[in-house]
1. Can you give me the % of accessible surface on the stretch 1-125 that is carbon or sulfur? Probe 1.4 Å, all protein chains present, nothing else counted.
2. Under a GNM of the chain (C-alpha, springs under 10 Å), which listed residue has the highest mean-square fluctuation: LEU298, LEU180, LEU54?
3. For the chain, what is the calculated [θ] at 222 nm in deg cm²/dmol (nearest 500), taking -39500 (n - 2.57) for each run of four or more DSSP H residues and dividing by its residue count?
4. In nm, to one decimal, how far is the THR24 label point from the ARG281 one, both placed 7 Å along Cα→Cβ?
5. Where does the charge balance sit around LEU208 when Lys and Arg score +1, Asp and Glu -1, over other residues with C-beta under 11 Å from its C-beta?
6. What is the set of long-range amide H partners of GLY163 at a cut-off below 5 Å, with H atoms built 1.01 Å from backbone N?
7. Express as a percent, rounded to the nearest 5, the fraction of DSSP beta bridges in the chain (both residues included) that run antiparallel.
8. Cross-link list LYS207/LYS231; LYS133/LYS189; LYS52/LYS189: which exceed 30 angstrom alpha carbon to alpha carbon?
Amino acid sequence: MDGLCLGFDTSNYTTSAALFGGGTAENRGRLLTVPEGGLGLRQSDALFQHVKRLHLMVEQLRSDGVIGELKAVGASTRPREVEGSYMPCFLAGEGAGRTLAAALGTPFYPCSHQQGHIAAAAWSAGREELLDKPHLAWHLSGGTTELLRVEPAGHTVRAQAVGGTSDIAAGQLIDRAGVLLGLPFPAGKALDALYPGAEDAGFFRVKLNGLTFSLSGMENQVKGLLERGEKPANIARFTIDTILNVLLRATEEAQRRWPGLPVLCSGGVASNRQIRAALERACGAVFALPQYAADNALGVAILAHRALERGVAG
């Protein structure tokens with residue numbers, strides 16, 4: 001790999017390290033361990049797991065024979081590139097990245113977790129040029145459901161939230177529905193697998209206020225279906241179709257406001273097959289490859305590589 005860059009991402013639920021050299025990429029990641037029946041982890045527990053595991057991701061890259069001479073190191077240091085955005089779990093990746101860069105004498109390039117998601121989605125979809133053009137983007141994950149207006153900003157991007165949820169994220173709703181159904185956390189893949197076996201269970205038409213909506217009341221809707229004896233597949237379909245319907249309506253309104261802008265989708269929820277197919281049909285949305293839709297360090301390494309290519313001081 002030419003100009004090899006190493007990236008770290010220690011998000012709320014995945015420890016990952018990735019290499020990017022301009023044309024090919026390697027990512028190694030591992031989900032954090034959540035107790036059975038749990039809906040997540042305290043930040044202190046997430047941080048502890050990252051510290052214990054991050055070196056294992058690098059050792060996997062080494063044992064697979066893909067680590068060469070490193071030219072730069074990057075890490076996600078906060079959830080979003082906005083004032084006050086902070087989560088302790090990112091300290092694990094940032095600390096390791098800064099230490100390694102100092103030892104090697106290479107530049108260190110920080111970015112936000114969200115910027116990494118956008119970069120990984122654009123590159124893995126074969127649309128890296130979107131990083132140098134204005135576009136719309138959905139960040140759909142366990143903790144985030146944001147509609148973004150994205151502008152190029154040197155080697156990286158500037159993402160302004162223009163819509164999305166005002167409370168719980170789509171991924172949180174999916175996970176809560178899954179736990180109610182006795183499915184493992186995170187529950188996205190399990191609900192996706194149940195969907196094809198469902199009858200049409202309808203959906204709840206979530207109110208759209210401009211480009212913003214609320215999903216907090218949906219958990220009670222799911223509980224009600226469960227209490228009435230609705231079968232799990234139908235509850236899974238009801239949950240996903242409800243999310244999908246409001247995403248489609250918000251996307252349509254955003255494209256009316258900013259005509260001609262392409263739509264890029266990233267985050268673990270964006271790997272849901274129903275959401276992907278519907279948004280592709282409706283507006284030609286561009287999606288990350290499934291392995292790069294969920295949390296990963298590839299986008300971090302890509303942005304470090306772009307900074308290195310453009311001579312940005314680390």
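1. Details: 2910 of 5470 Å².
Of the solvent-accessible surface of the stretch 1-125, carbon and sulfur hold 53 percent.
2. So, out of LEU298, LEU180, LEU54, the one fluctuating most is LEU180.
3. Result for the chain, helices only: -13000 deg cm²/dmol.
4. My value for the distance between the label points is 3.8 nm.
5. Result for the neighbourhood of LEU208: +1.
6. Sorted by chain and number, the residues that satisfy this are LEU147.
7. Details: 29 of 46 bridges.
For the chain, the DSSP antiparallel bridge percentage is about 65.
8. Numbers: LYS207/LYS231 26 Å; LYS133/LYS189 32 Å; LYS52/LYS189 26 Å.
Violating the 30 Å Cα-Cα cut-off are LYS133/LYS189.
The values are calculated or read from the model by the stated rules, or taken from the named source; none is laboratory data. Predicted model, so just to flag it, every value in this text is computed and none were measured. As a convention, Cβ positions derive from the backbone with ideal geometry for all residues, glycine included, and neighbour counts pool all protein chains shown. Each accessible area value is taken on the protein alone, full model and side chains, heavy atoms only, with ligands, DNA and RNA left out. Shrake-Rupley method; radii C 1.70, N 1.55, O 1.52, S 1.80 Å.
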